[in-house]
Amino acid sequence: MVLNVSLLQHVMAEMRQECKCHGMSGSCTVKTCWMRLPNFRVIGDALKDRFDGASRVMVSNEGNVRGSSVGKKSRYNFQLNPYNPEHKPPGVKDLVYLETSPGFCEKNPALGIQGTHGRQCNDTSIGVDGCDLMCCGRGYRTQEITVVERCACAFIWCCEVKCKTCRTKKTIHTCL
């Protein structure tokens, strides 16, 4: 719920008003205005920055007792404290989490995680599909395989497509 409210607040803060004038030869006798959503990339980049800066917290109900003098704005009877006492408490716009995410490198059937053993990766990518990241530092195997595919396909009048069979060598990389 915290994430959904934070996302909505962020999108609302980025909305901008746009207007259009109506009238003879550009005179602005009638003006129509509306709120426009921001570019999806702008929202995504800003939220990714906030996600990367999210802090782990613990729930504490110290000092919050029903009937205390807490104002009506406080809906919940708990407080979020930093997991690491050396960190400052999260602000109202900060993204927070209670538990660390499970590791996706190793298989964990209880959580439905398949792990990355045996997955194909891209040895030239520095992204999430790259071998260094996807294989979790375990390394990867490189092998050359022969791929048989249809190629040089031609459409023959009315209802037929004829293709040749081509064999190509392909290098694949697989996580250990």
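Here, each number is a calculation from the coordinates, and none is a lab measurement. This structure is a prediction, so every number in the text was calculated from the model and none was measured. FYI the Cβ positions are ideal-geometry reconstructions off the backbone, even for glycines, and counts take in every protein chain you see.
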**Prompt:** Pairing the Cα long axis of helix 2-14 with the longest principal axis of the chain, what angle in degrees results, from 0 to 90 and rounded to the nearest 10?
**Reply:** 90 degrees
**Item:** Rounded to whole Hz, the Karplus (6.51, -1.76, 1.60) HN-Hα couplings of region 107-123, x for glycine and proline
**Value:** 5, 9, x, 4, 9, x, 9, 7, x, 10, 4, x, 7, 6, 9, 10, 6
**Complete:** Check: C-alpha center region 43-63 vs C-alpha center region 141-161, spacing in Å is 50 Å
**Prompt:** Looking only at trypsin sites (Lys or Arg not before Pro) in DSSP loops with at most 16 other Cβ atoms within 10 Å, what is the longest site-free stretch of the chain?
**Reply:** 1-65
**Message:** What do you get for the angle between helix 40-52 and the principal long axis of the chain? Use alpha-carbon atoms, 0 to 90 degrees, nearest ten.
**Reply:** 70 degrees
**Asked** Mean separation of Cα pairs under 8 Å and 6+ residues apart, divided by the residue count of the chain: what relative contact order is that in percent?
**Response** 14 percent
**Message:** I'd like the chymotrypsin sites (Phe, Trp or Tyr not before Pro) in region 88-176 restricted to DSSP loop residues with at most 15 other Cβ atoms within 10 Å, sorted by number.
**Reply:** Phe104, Trp157
**Prompt:** Loop-only check: which GluC sites (Glu not before Pro) in region 107-176 are DSSP coil with at most 11 other Cβ within 10 angstrom?
**Reply:** none
**Placed amide H near Arg138: partners under 5 Å, 5+ positions off or other chain** = none
**Out-of-range pairs (alpha-carbon distance over 30 Å; input Lys20/Lys48; Lys48/Lys107; Lys48/Lys88)** = Lys20/Lys48
**Prompt:** If you average the sequence gap of Cα pairs under 8 Å that are 6 or more apart and divide by the length of region 111-175, what percent do you get for the contact order?
**Reply:** 38 percent
